[in-house]
Amino acid sequence: MSLLNLKRTSPSASKASSPPGDELEAQVEAFINGAVAYGAGQEKVVSLAMARPEQGARCKKANFSLTEQSITRLNLLSQHTGIPKSRLIRIWLEQIDWNRDLDGFLRSNTP
């Protein structure tokens, strides 16, 4: 039995008779996720709830080209933080001050 087998895929029938367990269930989920990440060799464990985009956010697939160095840096950042690469890019885009940073982007010699 693996740790992933411990996760419930559907609510159990005895849930109504048990004490309020939302907090306990969240702690169990966090423990299992942490154990799985530890088993995969990740140094820093981030809760899956933190790594997910907003519930109402709809994302479309996009294709773009990156240099090998950019791909490597993005992979390392994703592994270090536990945040998916696509979300890291969305975070970066939200953090840009378009009025201040646009001139620097236009003058950049990055391929």
If we keep only residues of the range 76-104 that are open to solvent by less than 90 Å² (accessible area, probe 1.4 Å) and farther than 26 Å from G34 by Cβ, then the residue farthest from the chain's Cα centre (by Cα) is D103
Among the residues of the range 56-75, the number that are open to solvent by 100 Å² or more (accessible area, probe 1.4 Å) and farther than 17 Å from P111 by Cα is 3
Going through (1) over 14 Å from the mean Cα position of the chain (by Cα); (2) surrounded by fewer than 11 Cβ atoms within 10 Å (Cβ to Cβ); (3) modelled with pLDDT of 80 or more one by one, S10 fails only at (3)
Among (1) in a loop (DSSP other than H, G, I, E, B); (2) at pLDDT 85 or above; (3) under 30 Å from F31 (Cβ atoms), R90 falls short only on (1)
Taking first residues from the range 87-102 that are in contact (Cβ under 8 Å) with a residue 24 or more places away in the chain and closer than 24 Å to N75 by Cα and second residues anywhere that are among the aliphatic types (A, V, I, L, M) and surrounded by 10 or more Cβ atoms within 10 Å (Cβ to Cβ), the pairs with Cβ under 9 Å that are 6 or more apart or on different chains are R87/A51
When the range 27-55 is checked residue by residue, the ones that are part of a loop (DSSP other than H, G, I, E, B) and either modelled with pLDDT of 90 or more or surrounded by 12 or more Cβ atoms within 10 Å (Cβ to Cβ) (or both) are Q42, V45, V46, S47, R52, P53
Every listed condition ((1) of a type in the set (A, V, I, L, M); (2) under 30 Å from A40 (Cα atoms); (3) modelled with pLDDT under 90) holds for I96 save (2)
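The values are calculated or read from the model by the stated rules, or taken from the named source; none is laboratory data. All of these numbers come straight from a predicted model, not from anything done at the bench. Note that each Cβ is placed from the backbone with ideal geometry, even for glycine, and that neighbours are counted across all protein chains shown. Accessible surface is based on the protein model in full, side chains and every heavy atom, while ligands, DNA and RNA are left aside. Shrake-Rupley method; radii C 1.70, N 1.55, O 1.52, S 1.80 Å.
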